[in-house]
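The values are calculated or read from the model by the stated rules, or taken from the named source; none is laboratory data. Since the model is a prediction, treat every value here as computed from it, not as a measurement. Glycine also receives a Cβ, built like all others from the backbone with ideal geometry; neighbour counts cover every protein chain displayed.
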Amino acid sequence: MTDSRKKAAAHFAAFVTILIWGTTFISTKVLLVEFTPLEILVFRFILGYFVLWAVYPRFFKTGRIREELLFAGAGLCGVTMYFLLENIALVHTLASNVGIIVSLAPFITAVLAHFLLREEPLHLQFFIGFIVAILGIVLITLNGSYILKLNPLGDVLAILACLFRWAYSILMRHISKLGYPAVGSTRRVFF
């Protein structure tokens, strides 16, 4: 595959991911009419695992307890706590609130990685890009209708979900340095 085809495939994959991720808040809010947050988490987990298994059907063992703990920690933070807190937050606040708050996760990850891990330099372009992205998210989410309805419990749960997403991102960064296939590693986080 040529570099331009790889780049196009990567952009297409990113676009599909954005579409899927963008629909999860509304679809979860609809599912909460009939299911509990935990049931939705289990359904999402099973669906995600089988999709990843179909893409990468091979199984691998890490062989070292430290690596197993990294995978288990990533599973706890990213698969379990992040989505569970997000689902529970949707019970207590508007989907638009959760969507806007959770969209802060990449920003929180970058800032905490900068200060706690001393890995990522933060430049003015990062902050400008973040502000433009958040303004776009707010404009699209609110769609011209501004409803200020804060629910401290739901909003705090969404913020906690962002912190678990940060922990997941940091653990996955360490996992990616182990040399395992990316899709296989992501599936391994599930089990």
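One residue stands out in the range 109-154 among those that are out of contact with any His (no Cβ under 7 Å at 6 or more places or on another chain) and polar (S, T, N, Q): the one that is modelled with the highest pLDDT, namely Gln125. Looking at Leu157, Leu171, just one residue is crowded, with 17+ Cβ neighbours inside 10 Å, in contact with a Gly (Cβ under 7 Å, 6 or more places away or on another chain), at pLDDT 85 or above and not hydroxyl-bearing (Ser, Thr, Tyr), and that residue is Leu171. Is it the case that Lys7 is among the basic types (Lys, Arg), over 16 Å from the mean Cα position of the chain (by Cα), within 28 Å of Leu139 (Cα to Cα) and surrounded by fewer than 18 Cβ atoms within 10 Å (Cβ to Cβ)? Judged against the criteria, Lys7 is not a match.
Give the range 29-76 a look and list any residue that's within 19 Å of the chain's Cα centre (by Cα), modelled with pLDDT of 90 or more and of a type in the set (D, E, K, R), or say none. The answer is Glu39, and nothing else. Residues of the range 32-42 that are over 16 Å from Leu94 (Cβ atoms) and either among the hydroxyl-bearing types (Ser, Thr, Tyr) or without any contact (Cβ under 8 Å) to a residue 12 or more places away in the chain (or both): Glu34, Phe35, Thr36, Glu39, Val42.
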